[in-house]
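I have placed the structure first, in the form of structure tokens, so that the comments after it can refer back to it.
The values are calculated or read from the model by the stated rules, or taken from the named source; none is laboratory data. Since the model is a prediction, treat every value here as computed from it, not as a measurement. Note: ideal-geometry Cβ built from the backbone for every residue, glycine included; neighbour counts use all protein chains shown. Surface accessibility is based on the protein's heavy atoms, side chains included, excluding ligands, DNA and RNA. Shrake-Rupley method; radii C 1.70, N 1.55, O 1.52, S 1.80 Å.
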Amino acid sequence: MEFRFEVALCSWLEATTEWLVARQLGGAVASPGSRIVDVCCLEPGPEFDQRTRITSQEIPSLAIESDVGLGEAVFWRDAFDCSADHARSVIERAVDCGFFETEYRNGRQYVRQTTRYPDWIGRLVGIENKPDLGRPGDLDRQLRLDVSLGLFDEVILATKSYVTRAHLNRLPEAVGVWRFDPDSGERTVVRESTPLSTAEPGVELLESKPLRTDIEFVTPAQKEEKQRRIAERAYGKGWRNYEFPACQRMTATDDGRPHCSWFDCVVNPAVDCGSNCEGFESGASPAVDLEALRDSRSRWVADPEGVSRTQSGLDRFS
Ligand code: SF4
């Protein structure tokens, strides 16, 4: 139910906004794995198109944060504040995706950026899905954490349930509330969100024990770094990050969601599908190009020309 709700909401957001939409990304700083946000949306910043030209993939954050710049190439080891192995793998990925280029001088590898890292990150919106408010799970802790940390500019709760005044009173005031129908794609704003102070220090709620909640302060600089990491993850990953099973009953909807004709609904392949399923009928998985779909339905570009100047760099040192 939650998966079906989530991908329907992602598709709706993709169709009705300019936002870049991704699912299931880490949304905490001090204890990164402790908060996974259901839907992360990025409002494009002024240089979004420049970002699309570099690569369709995530640019490794350590490459962006390193001392590798645009001008003179630097000796690779001097530019990273991490282990040599880790630095090597970051450089490899950054070269692969076209953000770095390398040169060799006297057998030593030098690196530089192929282009300036653009100012492409606008506001971030975090959406927590709780289709059935009668089964709130960890909702209270999640939303309190989001609001006190202030990593996202806006935090929204999306639900299929009818939202009562009692529900609203229990939620942190800044959290916006949407009622969303995954079948009709109708969205009603029950309560507008209040923008959070992302430029102020935040408080991350760690473990809650009886009579005590551990916290950690998070600086604006730490938040900015995490926001960029979320934006890069979102750009590389998107929301159609599932694989279609090799079952004859599986088809893709026009927007690329996995639909099962046996159960006549969208299913979560990772959870619902497999040879143990009562309707499983071995066959080819549907031929659908999810990247082409994402490209045609959003501002993400599947196959940009790239900005690498590698060829001229090689010529110069050959
Ligand atoms: S494995 Fe089951 S749930 Fe998945 S597509 Fe086939 S019939 Fe549907």
Using 1/(1 + (r/R0)^6) with R0 = 25 angstrom and r between the beta carbons of GLU192 and GLU216, what's the FRET efficiency to the nearest 0.05? 0.25
Counting only protein chains, not ligands or nucleic acids, how are SER275, SER66 ordered by accessible area (probe 1.4 Å), most first? SER275, SER66
Share of carbon and sulfur in the accessible heavy-atom surface of segment 1-76 [1.4 Å probe, %]: 49
Sum -39500 (n - 2.57) across every DSSP H segment of at least 4 residues in the chain, then divide by the residue count to get the 222 nm mean residue ellipticity, nearest 500. -8500 deg cm²/dmol
Using a 1.4 Å probe, how large is the accessible area of SER208, given in Å² and rounded to the nearest 10? 70
Keeping all protein chains in place, calculate the accessible area per residue for segment 60-116 (probe 1.4 angstrom), answer in Å². 51
Give the accessible surface of segment 219-298 per residue, rounded to a whole number of Å², with probe radius 1.4 Å and ligands, DNA and RNA excluded. 54
Specify, per residue and in Å³, the volume enclosed by the convex hull of the alpha carbon atoms belonging to segment 60-116. 72
Given a 1.4 Å probe and every protein chain left where it sits, what share in percent of the accessible area of segment 85-239 is carbon and sulfur? 46
Expressed in nanometres to one decimal, the distance between label points 7 Å along Cα→Cβ at SER208 and ARG299 is 3.6
If I model a spin label as a point 7 Å beyond the Cα along the Cα-Cβ vector, how far apart are those points for ASP255 and ASN106 in nm? 5.9
Which of the trypsin sites (Lys or Arg not before Pro) found in segment 74-119 are loop residues per DSSP with 14 or fewer other Cβ atoms within 10 Å of their Cβ? ARG116
With viscosity set to 1.306 mPa s and temperature to 10 °C, compute the Stokes-Einstein D of the chain, Rh being the Kirkwood radius across alpha carbon pairs; µm²/s, no decimals. 73
For the charge dipole of the chain, defined by +1 on Lys and Arg C-beta atoms and -1 on Asp and Glu C-beta atoms about the Cα centroid, which residue among GLN50, VAL189, VAL147 has the Cα displaced farthest towards the positive pole? VAL147
For segment 151-200, run through the GluC sites (Glu not before Pro) and keep only the ones in DSSP coil with at most 15 other Cβ atoms within 10 Å of their Cβ. GLU173, GLU192
Exactly which GluC sites (Glu not before Pro) in segment 1-33 are in a DSSP loop and have at most 14 other Cβ atoms within 10 Å? GLU18
Pairwise FRET efficiency - ARG179 versus ASP140, Cβ, R0 = 25 Å, nearest 0.05: 0.85
Under 18 Å Cα to Cα from LYS226, which lysines show up? Leave out anything in the same chain fewer than 8 places away. LYS237
Rounded to the nearest 10 Å², the accessible area of ASP153 at probe 1.4 Å: 30
